[in-house]
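Colleague: One structure coming up, written as structure tokens, with questions to follow.
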Amino acid sequence: MTVGGLIALVDCNNFYVSCERVFQPELRGKPVVVLSNNDGCVIARSNEAKALGIAMGAPWHLHRKQFEAAGVIVRSSNYTLYGDMSSRVMSVLSTFTPDLEIYSIDEAFLGLSGLGLRLESHARALRAAVLRWTGIPVSVGIAPTKTLAKVANHAAKKDQKHGGVVLLLDEAAQDDALSKIELTDLWGVAGRLAARLRAIGIDAPLDLKRGDPRLIRERLGVVTARLALELRGVAGAVAGRDQRQRQADRGGARRPSRDLARRLPLQKSRRRAARSASGRGGAGRLVRQKGRCAPGHANAHRRPAQPPLRARYRILRRRRAAATSVEIAAGTLVILLHDRVGWAVAGLAGPKFDRKRRKA
């Protein structure tokens with residue numbers, strides 16, 4: 001997104017419901033809701049359903065009779081359809097500007113630098129084209145920052161007199177729009193953050209805009225401080241996507257988590273190699289894994305000579321404290337199968353074994 005230019009937020013109106021209406025025109029003008037996976041709760045509402053007081057997230061099994069009595073039409077979610085319609089909308093938006101940032105399945109930020117007096121007409125032409133080519137109604141909010149563009153888009157949706165397009169280009173228009181919304185209507189502000197803001201005397205969006213940036217940063221962190229700056233018209237990084245974009249512009253930044261993920265398999269393989277090297281024939285196996293001979297040893301790939309049986313038992317006993325029970329059991333079994341004398345040397349002989357030897 002171009003820094004310092006005007007930004008437009010294009011948001012599809014009641015997106016899931018609008019997608020259903022494209023292929024079922026008889027749903028237009030009627031209260032419609034779309035349910036989540038397994039028909040759990042309401043995740044999209046038409047304007048008519050909102051007028052009935054149906055809340056977002058309302059459980060279907062608790063409100064089923066209420067919906068039926070009010071004549072609400074219910075549809076199960078169809079994410080394949082929604083994804084396809086989203087791609088069509090974004091494709092149309094890309095024809096109006098090369099500076100497109102897809103924010104979600106139904107939202108996108110557009111850079112509109114250089115349009116001058118044609119800004120509003122361009123936005124209305126964009127809105128008409130999306131509706132004509134996809135059947136999806138959209139609202140457009142234009143402002144100097146992404147946060148203010150969100151506020152403008154909110155005003156375009158709520159007030160029909162704007163015709164779906166709102167421009168907040170001067171401070172007076174921005175203050176007027178901010179005075180009509182609540183703290184929780186701001187981008188990224190939910191109930192808990194709103195409560196923390198009220199605790200330091202910030203009760204409305206205008207208070208946040210005019211608050212002390214240093215106090216906001218000390219009490220609520222850098223993200224909220226940037227939000228306050230964006231309300232003042234100072235373009236900043238509110239979303240993490242902006243930070244990643246700046247890192248990419250600087251040539252990329254190291255991501256420790258991914259580096260660690262790449263190092264872990266290597267560390268595991270090194271530990272396995274070390275364990276193999278510490279056991280019988282480990283040096284030969286390690287060299288064979290690498291596919292080359294050790295320096296100065298032309299026959300290092302061959303299996304080295306084994307010590308005598310009694311010496312192997314002494315080695316096994318010395319390693320007993322450091323070895324695992326699986327290694328002890330495996331080593332003991334292999335050696336005992338080679339030579340029955342190992343039973344006596346290992347001190348594992350029992351009465352039954354002694355009787356057999358006496359009989360022999």
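The values are calculated or read from the model by the stated rules, or taken from the named source; none is laboratory data. Treat the numbers as computed from the prediction; the structure is a model and nothing was measured. Glycine gets a Cβ as well: all are built from the backbone with ideal geometry, and neighbour counts include every protein chain shown. SASA here: full protein model, heavy atoms, side chains in, ligands and nucleic acids out. Shrake-Rupley method; radii C 1.70, N 1.55, O 1.52, S 1.80 Å.
Colleague: When residues of the range 101-121 are filtered for being touching a strand residue (DSSP E or B) at 6+ places or on another chain (Cβ under 7 Å), assigned to a strand (DSSP E or B) and within 19 Å of Leu148 (Cβ to Cβ), how many remain?
Modeller: 7
Colleague: Which ones in the range 53-85 are touching a residue at least 24 places away in the same chain (Cβ under 8 Å) and hydroxyl-bearing (Ser, Thr, Tyr)?
Modeller: Of everything in the range 53-85, those that are touching a residue at least 24 places away in the same chain (Cβ under 8 Å) and hydroxyl-bearing (Ser, Thr, Tyr) turn out to be Ser76, Ser77, Tyr82.
Colleague: Within the range 97-113, restricting attention to residues that are open to solvent by 20 Å² or more (accessible area, probe 1.4 Å) and at pLDDT below 90, which residue is nearest to Gly5 (Cα to Cα)?
Modeller: Ser113
Colleague: List every residue pair whose Cβ atoms lie under 7 Å apart, where the two residues are 6 or more positions apart in sequence or sit on different chains, the first residue falls within the range 156-173 and is open to solvent by 30 Å² or more (accessible area, probe 1.4 Å), and the second residue, located anywhere, is not in a helix (DSSP H, G or I).
Modeller: Lys157/Asn13; Lys157/Ser139; Leu167/Ile142
Colleague: When you go through (1) more than 27 Å from the chain's Cα centre (by Cα); (2) part of a helix (DSSP H, G or I); (3) crowded, with 19+ Cβ neighbours inside 10 Å one by one for Ala69, which number turns out not to apply?
Modeller: (3) is the only condition that Ala69 fails.
Colleague: Among the helices (runs of 4 or more DSSP H) confined wholly to the range 150-218, which include 1 or more residues that are within 29 Å of Glu120 (Cα to Cα) and either modelled with pLDDT under 90 or over 29 Å from the mean Cα position of the chain (by Cα) (or both)?
Modeller: Numbers: elements: 171-178, 191-199, 205-210.
It comes to 171-178, 205-210.
Colleague: Out of (1) touching a Gly at 6+ places or on another chain (Cβ under 6 Å); (2) within 30 Å of Pro144 (Cβ to Cβ), what's the single condition that is false for Ser18?
Modeller: Every listed condition holds for Ser18 apart from (1).
Colleague: Condition first: more than 27 Å from the chain's Cα centre (by Cα) and under 15 Å from Leu112 (Cα atoms). Now tell me which residues in the range 132-141 satisfy that. Working first, answer last.
Modeller: Of the range 132-141, the ones more than 27 Å from the chain's Cα centre (by Cα) are 132-135, 137.
Within the range 132-141, no residue meets the criteria.
Colleague: Sticking with this one: Given the structure, is Gly240 modelled with pLDDT of 85 or more and open to solvent by less than 50 Å² (accessible area, probe 1.4 Å)?
Modeller: Details: modelled with pLDDT of 85 or more: no; open to solvent by less than 50 Å² (accessible area, probe 1.4 Å): yes.
The answer is no for Gly240.
Colleague: Here's another thing I want to ask about it. Can you pull out every residue in the range 198-225 that is open to solvent by less than 30 Å² (accessible area, probe 1.4 Å), closer than 19 Å to Ser179 by Cα and without any contact (Cβ under 8 Å) to a residue 24 or more places away in the chain?
Modeller: Listed by number, the residues that qualify are Ile202, Gly211.
Colleague: Picking from Asp106, Asp84, Asp99, which residue would you name as being over 22 Å from the mean Cα position of the chain (by Cα) and either of a type in the set (Asp, Glu) or within 25 Å of Thr134 (Cβ to Cβ) (or both)? Full working, then the answer.
Modeller: Working: Asp106 fails: over 22 Å from the mean Cα position of the chain (by Cα); Asp84 fails: over 22 Å from the mean Cα position of the chain (by Cα).
Testing whether each residue is over 22 Å from the mean Cα position of the chain (by Cα) and either of a type in the set (Asp, Glu) or within 25 Å of Thr134 (Cβ to Cβ) (or both) leaves just Asp99.
Colleague: Condition (residue is among the acidic types (Asp, Glu), in contact with a Phe, Trp or Tyr (Cβ under 8 Å, 6 or more places away or on another chain) and more than 30 Å from Gly53 (Cα to Cα)) applied to the range 99-120: is it met by at least one residue? Explain how you work it out, then say what you get.
Modeller: Here is the first cut: in the range 99-120, the residues among the acidic types (Asp, Glu) are 99, 101, 106-107, 120.
Checking which are in contact with a Phe, Trp or Tyr (Cβ under 8 Å, 6 or more places away or on another chain) leaves us with 101, 106.
Going one step further and asking which of them are more than 30 Å from Gly53 (Cα to Cα), we end up with 101.
Yes: one or more hits.
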